[in-house]
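Please treat every number below as a calculation from the coordinates, not as lab data. Remember, predicted model here, so these are calculated numbers, not experimental data. Every residue, glycine among them, receives a Cβ derived from its backbone with ideal geometry; neighbour counts consider all protein chains shown.
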Amino acid sequence: MRKKIVAGNWKMNLDLDEGLKLAGAIDKYFAEKPAEKGQVIICTPFIHLAGAAGILKHGKIALGAQNCASEASGAYTGEISPWMIKSTGAQYVIIGHSERRSYYNEDDKILNKKTLLAINTGLKVIFCIGEVLNERESGNHFIVVRRQLEEGLFPLTEEQMDSIVIAYEPVWAIGTGLTASPEQAQEMHKYIRELLKGKYGNECAKKMPILYGGSCKPSNAAEIFSQPDVDGGLIGGAALKKEDFTAIVETL
């Protein structure tokens, strides 16, 4: 059985007090539950990591960062390296989010470098892939996703892939008013799994968690997560409200 995962990406939101309060509320909610329905992760801004690690004391919620540097240390003003992230108590880092690719021009070569460094530091990586609207409309979405996998992830060994969670983001369906259907999500997730099988074999493909990251809400999560190749979600806006985030987790 593949691990079911819901990861909340807070993006650039919440000051220190607000973030720690939300982390505490989420931790308290799941502490009172009799059993985990899947792996819950919150990926916070850097300022929250160390404080949140001390708050998430029930062991039911993992902690992640939203990005990392491509170098281990040195004269890189403003950057945060994977080992710094790990030292806070975090276990995960998001790499390749569509906003990093678009706003900061991070290409697959640099994302692969970040991924390898993060894995070698002992972090697990939520690696994001996905196409924008013109790529979907032109019918190139499969080509784009394949390239992102081949250049960003497939240089990894099969053993290193054990530290990877893939998140598929239909970028055209995030904050645009457009919606990816559960069938479209399943189609792409199945394609990703087939590519994994072709590269690494059936065992790797079968056990790889593939999350959906396209405007997932309490109202559509259950239908999306019911698709056979969708293993949970990477949640944006809904992760900033305890009630919405926990409701999404409950649909696993």
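If r is the Cβ-Cβ distance from residue 226 to residue 31 and R0 is 41 Å, what FRET efficiency results, to the nearest 0.05? My answer for the efficiency is 0.90.
Regarding the chain, what whole-number volume in Å³ per residue does the convex hull of its Cα atoms give?
On the way: hull volume 30.1 nm³, N = 252.
Enclosed volume per residue, from the Cα hull, is 120 Å³.
Of 74, 198, 89, the residue with the greatest mean-square motion in the GNM of the chain, using alpha carbon springs below 10 Å, is 74. Placing a label point 7 Å from the Cα of residue 102 along the Cα-to-Cβ direction, the residues of segment 150-167 whose backbone N falls under 18 Å of that point are 167. Just checking the listed ones, 169, 137, 71: in the Gaussian network model of the chain with Cα springs under 10 Å, the one fluctuating most is 137.
Helix content alone sets the calculated 222 nm mean residue ellipticity of the chain: runs of n ≥ 4 DSSP H residues at -39500 (n - 2.57) each, divided across all residues, give -12000 deg cm²/dmol. Under the shape rule built on the C-alpha gyration tensor, where the axes satisfy a ≥ b ≥ c, segment 133-252 is oblate, since a/c reaches at least 1.5 while a/b does not exceed b/c. The ranking of 138, 98 from fewest to most other beta carbons within 10 Å of each one's beta carbon is 138, 98.
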